[in-house]
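All remarks here apply to the structure that follows.
The values are calculated or read from the model by the stated rules, or taken from the named source; none is laboratory data. Keep in mind that what you see is a predicted model, and the values were worked out from it rather than measured. No Cβ is skipped: glycine too gets one built from the backbone with ideal geometry, and neighbour counts run over all protein chains shown.
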Amino acid sequence: MSLPPAANPPYRLPPRLFDARCRACWFTAGLLALIVASFWSLDLQWAQFFSLDAARSMGRFLGEFFPPDTSPEFLVKVLRGTWETLAMSALGTVLAAAAGLVLALPASRLHEGDAARGRGTTRLLLNALRSVPELVWAALLLIAAGLGPFAGTLALAIHTAGVLGRLFAEAIENAPPGPGDALRAQGVGPVRVFLYATLPQVLPQLMSYTLYRWENNIRAAAVLGVVGAGGLGQLLSFHMGLFHMGKTATILGAMIVLVLLVDVCSFTARRVLTR
Amino acid sequence: MSATLAPRLSPPERDPAWLGRVFWMGAAAVVLWPMLVATEFRPWVFFERDNARVTGQFLASFWPPAHDAEFLLMVAREAWRTVAIATAGMTLAFVVAVPLTLMSTRVLSVSALSGRMAAGPAVLRQAVRLLLIVLRSVPELVWALVFVRVVGLGPTAGVLAIALTYGGMLGKVYGEILESGEAHATQTLLRNGGSRLQAFFYGLLPQNAAELTSYTVYRWECAIRSSVVLGFVGAGGLGQQLDNSMKMFNGGEVFTMLAVFVLLVALADRVSAGLRKALG
């Protein structure tokens with residue numbers, strides 16, 4: 001009499017916790033090492049932060065925020081700052097879209113067999129523009145353009161041009177080649193091929209990238225001013241520096257409302273457009 | 001005389017859409033003009049004599065980049081501090097985000113298994129969501145400004161700022177990822193008497209682990225970028241040194257630090273892209 005065949009596959013031990021071939025184990029080990037090294041090397045002042053003293057000064061600090069300054073003339077000032085922030089972000093994005101499009105052309109291979117000699121160099125330039133944050137650009141531009149929203153606008157434009165240029169180049173390269181090839185076969189020059197075949201195909205995508213960056217730039221423009229580049233941020237750092245805590249609270253409130261409004265608008269727009 | 005009567009065979013020489021084009025350009029000008037005024041858009045300030053001279057001197061001092069051993073050692077130390085601030089901030093953000101996510105995820109609701117969620121848990125979940133939105137919508141730079149006042153200059157303010165803002169972001173996105181997936185396995189576990197934590201660890205987490213990890217790695221990359229920016233308000237790291245050198249118009253040092261920063265971001269970009277690719 002033979003035993004019936006086992007219903008289940010033979011019992012196996014679970015894999016060992018650490019195995020030299022297990023990539024997830026190495027990843028976790030490296031991550032833990034990085035975290036421990038970070039906390040160890042930073043000498044964070046937790047004692048100071050969680051002490052009674054710090055709690056008291058935090059409480060006093062927060063208490064000074066109340067009541068927020070709601071006098072009409074200050075509210076007008078805050079409103080003007082908000083408008084300045086919006087204008088900075090919008091203008092910066094428009095400039096960036098124009099510059100991005102100009103830079104995207106040499107950064108993309110327009111058709112098969114296009115030598116695209118400047119492609120590598122332009123992409124390098126775009127990456128450099130992109131990897132320096134807006135705030136650092138603003139701090140650099142303050143030297144040339146002086147304090148005020150102009151430096152902030154240009155900083156947004158430069159950083160965003162890097163981001164958009166790269167996205168635009170990808171969009172142009174991925175456009176369906178058919179219409180362009182048809183025109184090229186008729187002997188139409190490259191400028192008109194781009195204007196009448198490539199651009200109409202990618203325009204919706206370019207618009208959606210630009211709007212998305214605008215949304216990001218509103219958020220960035222709100223804080224850009226803390227280095228002195230205009231908008232709500234400049235008001236904030238000015239009044240915070242002078243310890244006008246009531247006014248600071250109003251400006252912070254305006255910033256949060258602005259960011260929330262942008263979030264709500266973009267969420268609703270996305271809902272409506274993708275339905 | 002006959003030339004005027006002959007039918008025109010050549011295409012129209014004027015652009016047929018010119019009216020629309022002129023209109024839209026006019027409309028754009030009308031919208032952009034107040035913005036140009038509001039942003040004090042005056043490109044010619046670049047070319048004013050004094051301004052151009054100062055800028056020229058600053059740009060000229062970019063070359064040669066500062067490269068003495070002592071300075072490079074300092075830059076390396078500050079670059080590590082930047083990474084460390086980002087990593088420590090992300091760790092704390094993770095610690096903040098995980099419990100809030102568990103509290104706010106609708107999939108883990110027991111009462112929602114049979115019809116509507118009970119009122120108490122629904123209110124709790126909405127409250128936690130609101131907290132996450134508030135944490136997330138205050139920019140980290142503002143948190144840093146506040147914390148610099150409380151704990152003084154140094155990396156503690158930067159770590160706390162990243163922890164709060166990124167905690168909100170991670171919590172919100174984790175919640176969205178967990179709720180977007182197929183909830184069947186989790187709900188089956190709950191229906192058969194598994195606890196909520198068991199349902200999370202054996203149903204929800206294995207399904208979404210790759211996506212969650214990949215988003216966390218992406219956020220770590222963003223945290224490195226923002227920890228440089230936080231240095232400008234005095235939260236330590238590369239940004240603080242960059243700010244100091246800029247204020248002293250020391251172009252060579254600025255150039256070296258910008259280059260190190262671009263390399264750092266590129267490296268983080270590579271590492272994060274590689275990890276995300278490995279996760280699939």
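Quick one: which helices (runs of 4 or more DSSP H) sit completely within the range B:156-240 and have at least 2 residues that are of a type in the set (Ser, Thr, Tyr)?
B:184-191, B:205-230
Assess whether B:ARG81 counts as being within 14 Å of chain A (Cβ to nearest Cβ), closer than 17 Å to A:LEU42 by Cβ, basic (Lys, Arg) and within 24 Å of the chain's Cα centre (by Cα).
yes
Would you check which residues across the range A:31-45 are of a type in the set (A, V, I, L, M) and outside any helix (DSSP H, G or I) and list them?
Correct list: A:LEU42, A:LEU44.
Filter the range B:147-185 down to the residues that are within 14 Å of chain A (Cβ to nearest Cβ), touching a Leu at 6+ places or on another chain (Cβ under 8 Å) and of a type outside the set (A, V, I, L, M) and list them by number.
Matches in the range B:147-185: B:PHE147, B:PRO155, B:THR156, B:GLY158, B:THR165, B:GLY168, B:LYS172.
May I ask you to list the residues in the range A:44-60 that are within 13 Å of chain B (Cβ to nearest Cβ) and surrounded by fewer than 16 Cβ atoms within 10 Å (Cβ to Cβ)?
A:TRP46, A:ALA47, A:GLN48, A:PHE50, A:SER51, A:ASP53, A:ALA55, A:ARG56, A:SER57, A:GLY59, A:ARG60, listed by residue number.
Here are the criteria: (1) within 14 Å of chain A (Cβ to nearest Cβ); (2) free of Cβ contacts under 8 Å to residues at least 60 places away in the same chain. Tell me which single one B:SER227 does not satisfy.
With respect to (1) within 14 Å of chain A (Cβ to nearest Cβ); (2) free of Cβ contacts under 8 Å to residues at least 60 places away in the same chain, B:SER227 is out only on (2).
Look through A:VAL78, A:VAL102 and report the one residue that is assigned to a helix (DSSP H, G or I) and exposed (fewer than 15 other Cβ atoms within 10 Å of the Cβ).
A:VAL102
Taking into account only those residues within the range B:250-276 that are polar (S, T, N, Q) and assigned to a helix (DSSP H, G or I), which is farthest from the chain's Cα centre (by Cα)?
Per the criteria, the residue is B:THR256.
Would you please name the residue that is nearest to B:LEU264 (Cα to Cα), looking only at residues in the range A:137-149 that are surrounded by 24 or more Cβ atoms within 10 Å (Cβ to Cβ) and facing another protein chain (nearest Cβ under 7 Å)?
A:ALA139
For the range A:229-275, what are the residues that are within 20 Å of the chain's Cα centre (by Cα) and either at positive phi or not in a helix (DSSP H, G or I) (or both)?
Selection gives A:ALA229, A:GLY230, A:GLY231.
Quick one: what pairs do we get from the range A:24-41, first residue under 14 Å from B:THR216 (Cβ atoms), second surrounded by fewer than 13 Cβ atoms within 10 Å (Cβ to Cβ), C-beta under 7 Å, 6+ apart or different chains?
Short answer, once both residue conditions are applied: none.
Are any residues in the range B:230-275 among the β-branched types (Val, Ile, Thr), under 19 Å from B:ARG77 (Cβ atoms) and within 11 Å of chain A (Cβ to nearest Cβ), and if so, which ones?
The answer is B:VAL254, B:VAL262, B:VAL265.
Just wondering, is there one or more residues in the range B:230-248 that are more than 21 Å from the chain's Cα centre (by Cα), assigned by TED's automatic domain parsing to the domain that holds B:VAL271 and at positive phi?
No, the range B:230-248 contains no residue that is more than 21 Å from the chain's Cα centre (by Cα), assigned by TED's automatic domain parsing to the domain that holds B:VAL271 and at positive phi.
Within the range B:42-90, track down each residue that is assigned to a helix (DSSP H, G or I) and either touching a His at 6+ places or on another chain (Cβ under 7 Å) or among the acidic types (Asp, Glu) (or both).
Result: B:ASP50, B:GLU70, B:GLU78.
Could you say whether any residue in the range A:132-139 is in contact with a Leu (Cβ under 7 Å, 6 or more places away or on another chain) and small (Gly, Ala, Ser)?
Checking the range A:132-139: at least one residue is in contact with a Leu (Cβ under 7 Å, 6 or more places away or on another chain) and small (Gly, Ala, Ser).
Take the residues in the range A:108-144 that are farther than 19 Å from A:ALA98 by Cα, at pLDDT 85 or above and aliphatic (A, V, I, L, M), then tell me which one is farthest from the chain's Cα centre (by Cα).
A:LEU142
Looking only at the range B:16-41, which residues are surrounded by 10 or more Cβ atoms within 10 Å (Cβ to Cβ) and assigned to a loop (DSSP other than H, G, I, E, B)?
Answer for the range B:16-41, where residues must be surrounded by 10 or more Cβ atoms within 10 Å (Cβ to Cβ) and assigned to a loop (DSSP other than H, G, I, E, B): B:THR39, B:GLU40, B:PHE41.
Return yes when B:THR87 is within 30 Å of B:ASN208 (Cα to Cα), within 14 Å of chain A (Cβ to nearest Cβ) and in contact with a Phe, Trp or Tyr (Cβ under 8 Å, 6 or more places away or on another chain) and no when it is not.
Here the answer is yes, as B:THR87 does meet what is asked.
Tell me whether the range B:227-246 contains one or more residues that are surrounded by fewer than 17 Cβ atoms within 10 Å (Cβ to Cβ) and within 26 Å of A:VAL226 (Cβ to Cβ).
Yes, the conditions are met somewhere in the range B:227-246.
I'm checking my understanding of the structure. Among residues of the range B:111-146 that are within 13 Å of another protein chain (Cβ to nearest Cβ) and in contact (Cβ under 8 Å) with a residue 60 or more places away in the chain, which one is surrounded by the most Cβ atoms within 10 Å (Cβ to Cβ)?
My answer is B:ALA144.
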